[in-house]
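Undergrad: The following block contains the structure, expressed as structure tokens.
The values are calculated or read from the model by the stated rules, or taken from the named source; none is laboratory data. Just so you know, these numbers come straight off a predicted model, no measurement behind them. Positions of Cβ are generated from backbone atoms using ideal geometry, with glycine treated the same way; all protein chains shown enter the neighbour counts. Note: accessible area is taken over every heavy atom of the protein model, side chains too, but ligands, DNA and RNA are not part of it. Shrake-Rupley method; radii C 1.70, N 1.55, O 1.52, S 1.80 Å.
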Amino acid sequence: MLVECLTPDFRGDLAAVRRSPVWVRRHVRDPRANSHQSLTRLKHAKKVKPTVLTKTSIMLGLGETDQQILHTLAELREAGVDCLTLGQYMQPTKRHLKVEEYVTPERFAHWEKVGNEMGFVYTASGPLVRSSYKAGERRTSSCTVMT
């Protein structure tokens, strides 16, 4: 059986994290969350239940540099994140951040290779990849916290 829940990040409530296996996704649409909070939740989820598979998703195309992406991936591995998805950010409405760059399929392939080489159990990277990309094909049980 596969289970993937998309839930809020519990607004930093570690007791709530303890009650639910957690995946965290950085999210540019919600100013209440930040990367430090997401990493803290991921680390805590591993601490309270080391066997849970954790996952995060990164949207590219907001003007980030290769060095920033690499640094973020290193932070995620240090936090014990198991699975990673990288996708193209798309501006949902005019009120949201604008797309700075449309990342090429070759760059997405590059980041998938880098993720796999860094030791992520699963890395999916492409313009249409989202946090639950091909969830039915992975043999994992997990929950996702969106930040």
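Undergrad: Can you report the number of residues in region 127-143 which are surrounded by fewer than 18 Cβ atoms within 10 Å (Cβ to Cβ) and at pLDDT 90 or above?
TA: Matching residues across region 127-143 total 2.
Undergrad: I would also like to ask the following. If residue 61 satisfies all but one of (1) under 15 Å from residue 119 (Cα atoms); (2) open to solvent by less than 10 Å² (accessible area, probe 1.4 Å), what's the number of the condition it fails?
TA: (1)
Undergrad: Inspect region 13-25 for any residue being modelled with pLDDT under 80, crowded, with 17+ Cβ neighbours inside 10 Å and basic (Lys, Arg) and give the result as yes or no.
TA: Checking region 13-25: at least one residue is modelled with pLDDT under 80, crowded, with 17+ Cβ neighbours inside 10 Å and basic (Lys, Arg).
Undergrad: Which residues, counting only those in region 86-101, are of a type in the set (A, V, I, L, M, F, W, C) and surrounded by 15 or more Cβ atoms within 10 Å (Cβ to Cβ)? It would help to see each step written out before you state the result.
TA: Looking only at region 86-101, we keep the residues that are of a type in the set (A, V, I, L, M, F, W, C), and these are 86, 90, 97, 99.
Correct list: 86, 99.
Undergrad: Also, I was wondering about something else. Inspect region 42-58 for any residue being among the hydroxyl-bearing types (Ser, Thr, Tyr), in a loop (DSSP other than H, G, I, E, B) and over 21 Å from residue 124 (Cβ atoms) and give the result as yes or no. First the steps, then the outcome.
TA: Of the residues in region 42-58, the ones among the hydroxyl-bearing types (Ser, Thr, Tyr) are 51, 54, 56-57.
So of that shortlist, the ones also in a loop (DSSP other than H, G, I, E, B) come out as 51, 54.
Going one step further and asking which of them are over 21 Å from residue 124 (Cβ atoms), we end up with 51.
Within region 42-58, one or more residues are among the hydroxyl-bearing types (Ser, Thr, Tyr), in a loop (DSSP other than H, G, I, E, B) and over 21 Å from residue 124 (Cβ atoms).
Undergrad: For region 102-126, give me each residue that is open to solvent by 30 Å² or more (accessible area, probe 1.4 Å), within 26 Å of residue 37 (Cα to Cα) and either at pLDDT below 95 or not in a helix (DSSP H, G or I) (or both).
TA: 119, 121, 122
Undergrad: Suppose we filter region 28-41 for residues that are part of a loop (DSSP other than H, G, I, E, B) and either among the aliphatic types (A, V, I, L, M) or farther than 16 Å from residue 130 by Cα (or both); how many remain? Don't jump to the end; show me each part of the working.
TA: Keep residues of region 28-41 that are part of a loop (DSSP other than H, G, I, E, B), which gives 28-34.
Still in the list and also either among the aliphatic types (A, V, I, L, M) or farther than 16 Å from residue 130 by Cα (or both): 28, 30-34.
Residues meeting the conditions: 6.
Undergrad: Look through region 72-101, keep the residues that are assigned to a loop (DSSP other than H, G, I, E, B), touching a residue at least 24 places away in the same chain (Cβ under 8 Å) and among the charged types (D, E, K, R), and return whichever of them is nearest to residue 57 (Cα to Cα).
TA: The residue in question is 82.
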